[in-house]
Amino acid sequence: MHISKLSLVNYRNFANANLTFNAGINTVLGENGSGKSNAFRAIRLLLDANMLPSAYRINDDDFHRGLADWRGHWIIISLEFEEVSADESIQALFVHGAGNLGTTPIELATYNLIYRPKKEIRIKLSEVSDGDILAMQAIRKSITSEDYETVFTGRSAANFSDPQVYRDIVGDFDLAEFPGEIDTDLVGVQLPKQLSVAREISFTHIQALRDVVSDFQNNRTNPLKTLLKHKSGEIDPTDFKSITDKVNALNEEIEKWPDVGEVRDDVQNMILDTVGVAYSPSSLSISSELPGDADRLFQSLKLFVGEHGEEHEGAVHDLSLGAANLIYLTLKLLEFKYQKANQSVANFLLVEEPEAHIHTHIQRTLFDRLNYPDTQVIYSTHSTQISDVSNIRSMNILGREGKACEAYQPANGLETKQVRNLQRYLDAIRSNLLFAKSVILVEGDAEEILIPVLIRNVLGISLDELGVSLINIRSTGFENVASLFDDKRVRKNCSIITDKDAAILDTTSNPSDDAPTKKYKLKVAASHKSGEKRHAAMEAFTSGNQWIKAFYADHTFEVDLVKAGNADLVKKLVNDVYDDPTTITLAKSELGSADVAKYGRRILRMATNAKKGWFAILLGGQVDKDAKIPTYILEALQFAHPQFSTQTLYNILKYRLGLALINGTCTAVDGKTYKTHLESFHSGETDFEEIKEHTATFLSNDVINDLLGVY
């Protein structure tokens, strides 16, 4: 039996989300604040016996912040199970609880936690006349958390994540329309508190490894104490009697030790001298309380560990963070193994962000080996080491969209071949593709090296600060990776930057052409034709998909970089590429030409001679703060990152103003005036269009206007 789906409606940072799971190992990926911990908490509220009291303490603070008014709304956490065990006990549980009743053993079951208004409130809302907004508002205004209840239900047939189903069950708060039937069968059958799935399964949650040393020092959270308590419960008191007798005898010997008796007498005498006989205790003794029973004796044991390669053993707090975390993780896994040995009807292991302070090789090994039979394992992580070895068919990606978090399934709707190709790419190329807020795909090393440098130097911020990942596909085969971004899969913007490879000269054959010229024209013509074909295919691929858009260099990245106005930057590298003085002079002259046939051929020759990747590194060292970013790259950035926050744009413009004042393209007087406008924009008094106009006026020659022009 395994979880096949988790539905979250109005719960914390989830307005409406579905996570899907398979048997075996599953991964939940996401940036910080994307809802990984809340998704895990939701599962635990239903399946972790230790969390059941917390499940009944859900309150209005747990409602999704995006709701204008939580009052009257419901929180719904729903688990769907597949391959339900044919075991009699679990069949009985689900038939009477979460299963779909039938004559044959059930294989699909649902189990729900619902936080909703109590019946009297639901009756009041159901009696509101359709469209009577004022009556609805009057009822809602009086609602408090005391008017809510937490119930567990099963055998529900509703798809709670369907907005229309939610309106049918709960009501439409925009139209003030509420169902007349307040206890619809769609919600399922309410389960009594004593009937719980959590009590029939083996469930272990390994929390994020953040401060495990404090957990070891706390008896309640110490995983070693849990293991020892488990084992002490299995001990036969008769077999343990020999140790108990020794402990009791040792206690007696300690109590009889002369020094102990002397201290006891001194304490008695001091009390008598201090308060007198009338107020002194009738008796006083010093006793040794070494625990004699197995449970307490086991709980007194402590763990000592030696770091790898060392003979010395120290307490856990003496270990490195990585070693302490590894020990903690090991003990929690052993705890799970002990629970699993009880032969529960199903086994679940939730591992939350295991990567903290653990070496990358250990992370990958850990993921490979945590594949227990008859166990569903669900990881949450933002480690690329773990995501790289995760199967995308068993992966959920969480991302933020405004105030809400969404869940994406990257393999949803893809054919087996597409999934296989995508998996191979993710296995071979380690990247943060799955964690970014948006993505820019490029085809080669030059783009991968130079675009981040251009953005950083010109804007004063990095792509990482914008949440944009730039991924080098190392070919023009973008489709395999770009297929991730779709309504059915990952709903994030993906810009594709590629070349049209349009001819940089007239390729018409001329009788006067010498052999090298003929060969060059044929090569350019072939590239041009191939580029046209790729362009048509890419336009067809991206058509109708709002999440993907392609942006093209007219010729190639290197040629269009010079075309944008960066010839002087490239000229600085001529001496690094060539030794011959005549060639150096000719190259600089061609790079300064307005004829694309001349400067285009020259920069391509330079890149080929120096090797493209190395040439890009050299050129990156020359990129300054006034470099020109080609328009198609700025447009790709705009699609990937459609809107700058006020703070980010303020930082960019302030950075450009500082440069303009330093290089003298803006006078001190104009700079002071522009700074006033900039502060007005920062405070919200001036909008984006107004600051664009002011920038064009006071920083008229600054390259920042190229960026603002595409936004």
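The values are calculated or read from the model by the stated rules, or taken from the named source; none is laboratory data. In this text, all values refer to a predicted model and were calculated from it rather than measured experimentally. Quick reminder, even Gly has a Cβ in these numbers, built from the backbone with ideal geometry, and neighbours come from all protein chains shown.
Pairs needed: first member in the range 58-82, in the same structural domain as Ile3 (by TED's automatic domain parsing) and of a type in the set (Ser, Thr, Tyr); second member anywhere, at pLDDT below 95 and assigned to a loop (DSSP other than H, G, I, E, B); C-beta distance under 8 Å; at least 6 residues apart or different chains.
Ser78/Ser156; Ser78/Phe160
Restricting to the range 126-167, name every residue that is part of a helix (DSSP H, G or I), in contact (Cβ under 8 Å) with a residue 12 or more places away in the chain and of a type in the set (Lys, Arg). Spell out how you get there, then give the answer.
First, pick out the residues of the range 126-167 that are part of a helix (DSSP H, G or I): 126, 133-142, 145-147, 163-167.
Those left that are additionally in contact (Cβ under 8 Å) with a residue 12 or more places away in the chain: 126, 133, 135-136, 139-141, 145, 147, 163, 165-166.
Answer for the range 126-167, where residues must be part of a helix (DSSP H, G or I), in contact (Cβ under 8 Å) with a residue 12 or more places away in the chain and of a type in the set (Lys, Arg): Arg140, Lys141.
So that you can scan it fast, the table gives a plain yes or no per residue for (1) surrounded by 14 or more Cβ atoms within 10 Å (Cβ to Cβ); (2) of a type outside the set (Lys, Arg); (3) over 26 Å from Thr507 (Cα atoms); (4) over 43 Å from the mean Cα position of the chain (by Cα):
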position	(1), (2), (3), (4)
Val562	yes, yes, no, no
Leu569	yes, yes, yes, no
Val577	yes, yes, yes, yes
Pro581	no, yes, yes, yes
Leu591	yes, yes, no, yes
Ala597	yes, yes, no, yes
Met606	yes, yes, no, no
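Only one of these is part of a loop (DSSP other than H, G, I, E, B), at pLDDT 65 or above, of a type in the set (D, E, K, R) and surrounded by 14 or more Cβ atoms within 10 Å (Cβ to Cβ): Glu406, Glu355, Glu335. Name it.
Working: Glu406 fails: part of a loop (DSSP other than H, G, I, E, B); Glu335 fails: part of a loop (DSSP other than H, G, I, E, B).
Only one candidate qualifies: Glu355.
Name the single residue that is farthest from Pro237 (Cα to Cα) among those in the range 254-307 being in a helix (DSSP H, G or I) and at pLDDT below 75.
So the first thing to find is which residues in the range 254-307 are in a helix (DSSP H, G or I), and the list is 254-256, 258-275, 294-299.
Filter once more, keeping what is at pLDDT below 75: 275, 294-299.
On the way: Val275: 46, Ala294: 8, Asp295: 10, Arg296: 13, Leu297: 13, Phe298: 13, Gln299: 16 Å.
By that ranking, first place goes to Val275.
Counting only residues that are modelled with pLDDT under 90 and over 14 Å from Arg116 (Cα atoms), how many does the range 139-184 have?
Summing the residues that are modelled with pLDDT under 90 and over 14 Å from Arg116 (Cα atoms) in the range 139-184 gives 9.
Determine if the range 606-615 includes at least one residue that is at pLDDT below 95, in a loop (DSSP other than H, G, I, E, B), within 16 Å of Thr556 (Cα to Cα) and among the basic types (Lys, Arg).
Yes, the range 606-615 contains a residue that is at pLDDT below 95, in a loop (DSSP other than H, G, I, E, B), within 16 Å of Thr556 (Cα to Cα) and among the basic types (Lys, Arg).
So which residues in the range 110-146 are acidic (Asp, Glu) and more than 35 Å from the chain's Cα centre (by Cα)? If you could, list the steps in order and put the result at the bottom.
Of the residues in the range 110-146, the ones acidic (Asp, Glu) are 120, 127, 130, 132, 146.
Once the filter is applied, which keeps residues that are acidic (Asp, Glu) and more than 35 Å from the chain's Cα centre (by Cα), the range 110-146 yields Glu120, Glu127, Asp130, Asp132.
Return yes when Glu181 is surrounded by fewer than 12 Cβ atoms within 10 Å (Cβ to Cβ) and not in a helix (DSSP H, G or I) and no when it is not.
On the way: surrounded by fewer than 12 Cβ atoms within 10 Å (Cβ to Cβ): yes; not in a helix (DSSP H, G or I): yes.
Yes.
If a residue has to be among the aliphatic types (A, V, I, L, M) and assigned to a loop (DSSP other than H, G, I, E, B) to count, how many in the range 41-82 make the cut? Talk me through it step by step, then tell me what you get.
Looking only at the range 41-82, we keep the residues that are among the aliphatic types (A, V, I, L, M), and these are 42-43, 45-47, 49, 51-52, 55, 58, 67-68, 75-77, 79.
From what is left, the residues that are assigned to a loop (DSSP other than H, G, I, E, B) are 58, 67-68.
Summing the residues that are among the aliphatic types (A, V, I, L, M) and assigned to a loop (DSSP other than H, G, I, E, B) in the range 41-82 gives 3.
Out of the range 1-40, which residues are assigned to a helix (DSSP H, G or I) and crowded, with 20+ Cβ neighbours inside 10 Å?
Taking the range 1-40 and keeping what is assigned to a helix (DSSP H, G or I), we get 36-40.
Within the range 1-40, Lys36, Ala39, Phe40 meet the criteria.
Of the residues in the range 474-491, how many are loosely packed, with under 14 Cβ neighbours inside 10 Å and in contact (Cβ under 8 Å) with a residue 24 or more places away in the chain?
So the first thing to find is which residues in the range 474-491 are loosely packed, with under 14 Cβ neighbours inside 10 Å, and the list is 475, 477, 487-488.
Next, from what is left, pick out any that are in contact (Cβ under 8 Å) with a residue 24 or more places away in the chain: 475, 487-488.
Number satisfying all stated conditions: 3.
Which condition does Asn432 not pass, out of (1) modelled with pLDDT under 95; (2) surrounded by 18 or more Cβ atoms within 10 Å (Cβ to Cβ); (3) not hydrophobic (A, V, I, L, M, F, W, C), if it passes all the others?
(2)
Looking at the range 695-704, is at least one residue touching a helix residue (DSSP H, G or I) at 6+ places or on another chain (Cβ under 9 Å) and either in the same structural domain as Tyr552 (by TED's automatic domain parsing) or farther than 22 Å from Gly565 by Cβ (or both)?
no
What are the residues in the range 640-684 that are hydrophobic (A, V, I, L, M, F, W, C) and without any contact (Cβ under 8 Å) to a residue 60 or more places away in the chain, if any?
Listed by number, the residues that qualify are Leu649, Leu653, Leu657, Leu659, Ala660, Leu661, Ile662, Cys666, Ala668, Val669, Leu678, Phe681.
Take the residues of the range 504-533 that are surrounded by 19 or more Cβ atoms within 10 Å (Cβ to Cβ) and not hydroxyl-bearing (Ser, Thr, Tyr): which is nearest to Ser34 (Cα to Cα)?
The extreme case among them is Gly531.
Which one is modelled with the highest pLDDT, of the residues in the range 358-374 that are over 19 Å from Gly24 (Cβ atoms) and in a loop (DSSP other than H, G, I, E, B)?
Within the range 358-374, the subset over 19 Å from Gly24 (Cβ atoms) is 358-362.
Filter once more, so that each one left must be in a loop (DSSP other than H, G, I, E, B): 358-359.
Working: Ile358: 64, His359: 60.
Here the residue is Ile358.
Given (1) assigned to a helix (DSSP H, G or I); (2) more than 22 Å from Tyr520 (Cβ to Cβ), identify the lone condition not met by Ile629.
(1)
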